[in-house]
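Read the figures in this text as sums done on the coordinates, not as results from a lab. Only a predicted model underlies this, so the values are computations on that prediction, with no experimental measurement involved. For neighbour counting, all protein chains shown are included, and Cβ atoms are generated from backbone atoms with ideal geometry for every residue, glycine included.
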Amino acid sequence: MTASAIAVRGLVSCREHAVVLDGLDLAFEAGQVAAIVGPNGAGKTTLLRHLAGLDMPAAGEVELHGKLLASLDPALRARSIAYLPQAASAYWPLRARDIVALGRLPHGADLSRPLGSRDTEAIQRALERVDGVGLADRPIDTMSQGERARMMMARALSTEAPILLADEPVASLDPAYALETMKILRDEAARGACVIVVLHDLGLAARFADRIVVLADHKVAADGPPDMALAADVIDAAYGVTFRHVSVDGVPQPVAWERQE
Amino acid sequence: MNRWLLLLLAVLFLLSLAVGPAWWPWRLGTDVGWAIVWELRLPRATLGLLIGGVLGLSGAVLQGWLRNPLTEPGVIGVSACAGFAAVCAFYSGLAATFALALPLAGITGAAIAVALLMGAVRSGTGTVSLLLMGVAINAIAAALISLVLALSPNPFAYQEISLWLAGSIVDRDLHYLAMAAPFMVLGAAIVLGAGRWLDALSLGEDTARSLGADTRSLGLRLTLGVGLMVGAATSVAGVIGFVGLIAPHLIRARVGFRPGATLVPSMLVGATLVLGADIVVRLLPTASELQLGVFTSLVGAPFLVRAVRKAHAAWLAT
């Protein structure tokens, strides 16, 4: 059996002496979209940060293709894992094309020098995938929130890493942008990437993910295909909410209905 | 743009050799005339060029690293700390026994201030809080300088040091140039290669790290580089404020706001500003020559006010 694209084994994460993740074992495969859902404070973002190598585990390990992530050369790690943080933004009003080009830094690009043809091609492909070629020469501060989010996604795509981590990429986006973003992530998986995305919207997760990991109380509450992971006995307890378990075209679309007393 | 700046710099450099109490000294055609050029004007012009360059570059580096357009060695207290350390070296007698004590003390003081500020940013300090921290560091450094002077047995110490701290490159001979130049050049060489990671930091520290930036070693590298540049500059010329603020501002929009792209142009603009200002103070009809640092503050402080007002609301909100 070949090693998973990325995996955590016995991952324990602590912040200021509080346990955020308590002994997680998860393996993620190439060519799939895995959604991580769960109530606020369950540790979704923390899990993603560990997968990106940004936080160090208190115990356990993160493995990239069977090798310890912590012992990997930062440049190799950066080429292998693209990370799109929550509410990604830029501190300076850079041109969109420059922002997307930053995704090529792991490949040795330097924006103060002329970019190589492999870099410019990757930047162009990333812009095309988010339908942003027409925006490329505009400064980021003149864009709408949706356009900006697309450029940030293009920055993550231009690395062309085999693993793509996205933390709530559809938060505060209109339905049209949200659907488009999910389609972009699906396309990446179809190209063979291992896509791991933190989502709040269970309906979107059910429609676009191959697999859903439900985190609750710092542990994995469920892990499996959408109809299994979003089953009544799982998410009602995980969220402390009674859901109406509706299904549209055979896809579960749970609706949060009442807070449990 | 860089080509025009270089041309302007060359013109200003020649003017700096020519302007002063004795105009066009080489036309005197005597040993005295050439002595003025070689021993007074040339070191002064070269120091102006180097000090302006490193101040402009330090401003661009600090603004890129701290992701804050209002940061500058003078405003946030880096120059003041370098000044305090240099004053200590001077009045402890260390500078008299060991020639390099002055620049080394300045470098240490500057590096400590940069490290303090970087530590603050790591734990998430906003733009305004950072500037207030700079105010505090400036105040502490000024108070400590006064304390050291009060303890000094030399009755003229206070006047001497106030004049020196106000920033000037008058009468700095080749000895001063030789003492400070290597450190300034070394510091510039250390930070000039960091441009691509400053670019990455425009997306925030987490994203920069995910792109392969080792932010801890980058922080050490920039602290060392800025410390070398500002410390050496301050130890020979005192505090010349606002150059590091103005230089990156003048060119940022022209280079598309990318931090790495501001480094070299900021260095050239900084050198232009200080060389130009040092010529202007010689021409002003003041009884005694106006201190260079006083002049840059007179011009630069209103610039800071304007920059604060123009700064994007989002920068100030955090």
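Stick to the Cα atoms of the range B:83-193, pair each with every other, and give me the Kirkwood hydrodynamic radius in Å at one decimal.
15.8 Å
Seen from all sides and averaged, what is the projected area of the convex hull of the Cα atoms in the range B:1-126, in nm²?
That works out to 10.8 nm², a quarter of the Cα hull's surface.
Can you give the Kirkwood hydrodynamic radius of the range A:186-248 from its Cα pairs, in Å with one decimal?
Evaluated on the range A:186-248, it is 12.5 Å.
Say the dipole of the protein assembly as shown comes from +1 at the beta carbon of Lys and Arg and -1 at that of Asp and Glu; which of B:Asn154, A:Ala96, A:Ile36 then lies farthest toward its positive end?
B:Asn154
Give me the Å³ per residue figure for the convex hull around the C-alpha atoms of the protein assembly as shown.
So the per-residue hull volume is 179 Å³.
Exposure proxy check: B:Lys310, A:Lys44, A:Lys183, A:Lys219 ranked by fewest other beta carbons within 10 Å?
Fewest to most other Cβ atoms nearby, the residues stand as B:Lys310, A:Lys183, A:Lys219, A:Lys44.
Please give the contour-minus-distance gain from A:Thr120 to A:Val246: 0.36 nm per residue of separation, less the Cα-Cα distance, rounded to one decimal in nm.
40.8 nm
Per-residue Cβ counts within 10 Å, from other chains only, averaged over B:193-204: what number is that?
If you average over the peptide's residues, the count of other-chain Cβ atoms is 5.
In peptide B:211-218, how many Cβ atoms from other protein chains are near each Cβ within 10 Å, on average?
The shielding value for this peptide is 4.
I'd like to know which of A:Pro169, A:Gly134, A:Gly203 lies farthest towards the positive end of the charge dipole of the range A:6-222, counting +1 on Cβ of Lys and Arg and -1 on Cβ of Asp and Glu.
A:Gly134
Taking only DSSP H segments of four or more residues, each worth -39500 (n - 2.57), what value at 222 nm results for the protein assembly as shown once the sum is divided by all its residues, to the nearest 500 deg cm²/dmol?
-17500 deg cm²/dmol
Provide B:Met133, B:Met184, A:Met228 in ascending order of the number of other Cβ atoms located within 10 Å of each residue's Cβ, fewest first.
A:Met228, B:Met133, B:Met184
Using Stokes-Einstein with the Kirkwood hydrodynamic radius over Cα pairs, what translational diffusion coefficient do you get for the range A:111-242 at 10 °C and a viscosity of 1.306 mPa s, in µm²/s rounded to a whole number?
Calculated translational D: 97 µm²/s.
If we sort B:274-281, A:122-129 on the protection proxy, mean other Cβ atoms within 10 Å, highest first, what's the order?
B:274-281, A:122-129
Please report B:Ile169, B:Ile140 as a ranked list, fewest other C-beta atoms within 10 angstrom at the top and most at the bottom.
Ascending number of Cβ neighbours within 10 Å: B:Ile140, B:Ile169.
To the nearest whole percent, what portion of all C-alpha pairs in the range A:3-131 is separated by more than 19 angstrom?
Taking all Cα-Cα pairs of the range A:3-131, the fraction more than 19 Å apart is 59 percent.
Restricting attention to the alpha-carbon atoms of chain B, what are Rg (one decimal) and Dmax (integer), both in Å?
19.2, 64
Eigenvalues of the Cα gyration tensor times 5, then square-rooted: what semi-axes does that give for chain A, in whole angstrom, largest first?
31, 23, 16
Which net charge results for the neighbourhood of A:Ala27, defined as the other residues with beta-carbon distances under 12 angstrom from its beta-carbon, given Lys and Arg at +1 and Asp and Glu at -1?
With Lys, Arg at +1 and Asp, Glu at -1, the neighbours total -2.
To two decimal places, what compactness ratio does the range B:232-295 give when its Cα radius of gyration is scaled by 2.2 N^0.38 Å?
1.28
Averaged across A:80-87, how many Cβ atoms of other chains sit within 10 Å of each residue's Cβ atom?
The per-residue average across the peptide is 2.
Is there a quick way to get the dipole size of the protein assembly as shown? I mean about its Cα centre, with the Cβ of Lys and Arg at +1 and of Asp and Glu at -1; what is the value in debye to the nearest 20?
Roughly 1560 debye, rounded to the nearest 20.
Per 0.36 nm of contour for each residue apart, how much would the distance between B:Leu283 and B:Ser162 grow if the chain were fully extended, relative to their Cα-Cα spacing?
Extra length available between B:Leu283 and B:Ser162 comes to 41.3 nm.
Using the alpha-carbon centroid of each, what span in Å lies between the range A:129-180 and the range A:1-32?
27 Å
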